[in-house]
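Shown next, in structure tokens, is the structure this report addresses.
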Amino acid sequence: MNRKLRMGMVGGGKDAFIGAIHRHAAFMDGLIELTAGALSINPEIAKDSGKAYFLAEDRIYLTYDEMISKEATLPADKRIDFVTIVTPNFAHFAPAMMALDNGFHVVIEKPITFTIDEAKQLKKKVEETGLLLCLTHTYSGYPMVKQARAMVQGGAFGKVRKVWVEYPQGWLSKLSEREGNAQAAWRTDPKKSGKSGCMGDIGTHAAHLAEYITGLEITHLCADLNVMVEGRMLDDDGNVLLKFNNGAAGVLMASQVAAGEENALKIRIYGEKGGLEWAQHEPNTLLVKWLDQPTQILRAGGNYGDRLSSFATQNCRTPGGHPEGYLEAFGNIYRNFAMTLSARIDGKQPTPEQLDFPRVDEGIRGMAFIDNVVASGQSDKKWFEHKV
């Protein structure tokens with residue numbers, strides 16, 4: 001392709017946190033440009049944001065349905081190629097379905113929808129249309145997460161026996177939703193966030209990371225969900241025991257009331273011969289632990305191609321020693337999606353490395369995780385089948 005992909009954005013006005021992250025990530029490799037947007041439900045913010053992003057006046061829309069329907073009437077060399085949806089959870093499904101119905105590919109913030117039924121409807125539509133749907137499970141974009149996946153699934157450690165994943169945050173240690181914090185307000189509101197707070201927001205990231213690296217599926221779980229801050233409507237803390245489809249056991253902890261923590265995502269995986277450890281606070285480092293030899297330290301970097309997998313090096317951007325963090329991981333998801341879409345447009349077959357981004361099936365598993373964790377947390381029954 002001799003042009004950039006044209007993106008239309010739903011949500012992500014000038015004061016939105018996650019919208020800015022998506023734009024930075026999308027623009028990082030020069031493969032994508034923002035062409036149109038329905039950037040806020042507030043008309044003034046929508047207009048002001050469009051101007052701030054230098055959109056053409058006739059491509060600044062006040063609603064997503066106006067954007068999608070008008071873009072669909074434009075010539076093929078003018079209309080957007082895909083829609084990015086960066087709204088709160090309750091406003092994911094409708095624009096995604098409309099975009100697919102009108103022939104546009106979709107990138108969508110997680111969790112994929114408000115309910116699992118909506119997620120399954122999106123899968124059916126994706127299968128009917130053959131269009132791409134990318135789900136931004138950010139942490140799977142880190143190079144050393146991909147290296148961990150390649151090693152585990154390549155059999156380096158033998159059969160996986162134990163998975164320990166944790167995601168503690170401290171930002172909701174107070175009743176911030178009643179103190180003017182807009183992010184806290186919608187994320188703790190069941191009408192906007194869904195039936196789970198902490199587990200829906202970050203527990204799903206932890207569960208996805210466990211399944212992504214191991215290649216296994218969670219089959220059963222036993223959950224303890226808590227509301228630690230008095231007056232909060234949704235869980236802000238939880239612990240989940242896990243069983244995987246190969247017999248492995250796991251522990252998942254997620255909390256948004258771990259006072260003093262930032263985004264301390266960490267995973268440890270152990271097999272018959274050894275294991276590994278990765279933490280987001282030190283994302284370029286992967287600790288590889290062996291039963292019968294000293295621990296190894298693997299480092300991300302473009303100059304380590306002789307010892308890292310092709311999936312890791314595909315997503316390394318800088319020479320060793322230069323840190324690659326959250327934005328780069330996000331950017332890797334957008335780049336792989338963009339390369340896959342560009343290859344399709346050119347009638348070419350994307351490489352396995354380019355196809356390595358989360359899709360609708362991961363979204364359905366995430367919604368099932370939320371449903372099953374909440375059901376387990378509300379029950380006296382020890383184990384719940386992780387039905388999808």
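The values are calculated or read from the model by the stated rules, or taken from the named source; none is laboratory data. Since the structure is predicted, the reported quantities are computational estimates derived from the model, not experimental observations. For neighbour counting, all protein chains shown are included, and Cβ atoms are generated from backbone atoms with ideal geometry for every residue, glycine included.
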Does the range 116-138 include one or more residues that are over 21 Å from residue 250 (Cα atoms), of a type in the set (D, E, K, R) and either at pLDDT below 95 or assigned by TED's automatic domain parsing to the domain that holds residue 236 (or both)? no
Taking residue 261 and the conditions (1) touching a residue at least 40 places away in the same chain (Cβ under 8 Å); (2) over 17 Å from residue 166 (Cα atoms), which numbered condition does it fall short on, given that it satisfies the others? (2)
In this structure, does residue 216 turn out to be farther than 30 Å from residue 298 by Cβ, surrounded by 17 or more Cβ atoms within 10 Å (Cβ to Cβ) and not basic (Lys, Arg)? no
Single condition residue 312 does not satisfy, out of (1) at pLDDT below 95; (2) closer than 14 Å to residue 143 by Cα: (1)
What pairs come up if the first residue lies in the range 72-91 and is under 13 Å from residue 102 (Cβ atoms), the second is part of a loop (DSSP other than H, G, I, E, B), and their beta carbons are under 7 Å apart, counting only those six or more places apart or on different chains? 72/79; 72/102; 72/103; 80/104; 82/104; 83/104
Regarding the range 246-254, can at least one residue be identified that is in the same structural domain as residue 194 (by TED's automatic domain parsing), at pLDDT 95 or above, touching a helix residue (DSSP H, G or I) at 6+ places or on another chain (Cβ under 8 Å) and outside any strand (DSSP E or B)? yes
In the range 168-219, what count of residues is obtained for those that are among the acidic types (Asp, Glu) and assigned to a loop (DSSP other than H, G, I, E, B)? 3
Residue 311 being touching a helix residue (DSSP H, G or I) at 6+ places or on another chain (Cβ under 6 Å), closer than 19 Å to residue 204 by Cβ and not acidic (Asp, Glu): no
Applying the selection to the range 259-273, what residues are within 24 Å of residue 215 (Cβ to Cβ) and assigned to a loop (DSSP other than H, G, I, E, B)? 265, 272, 273
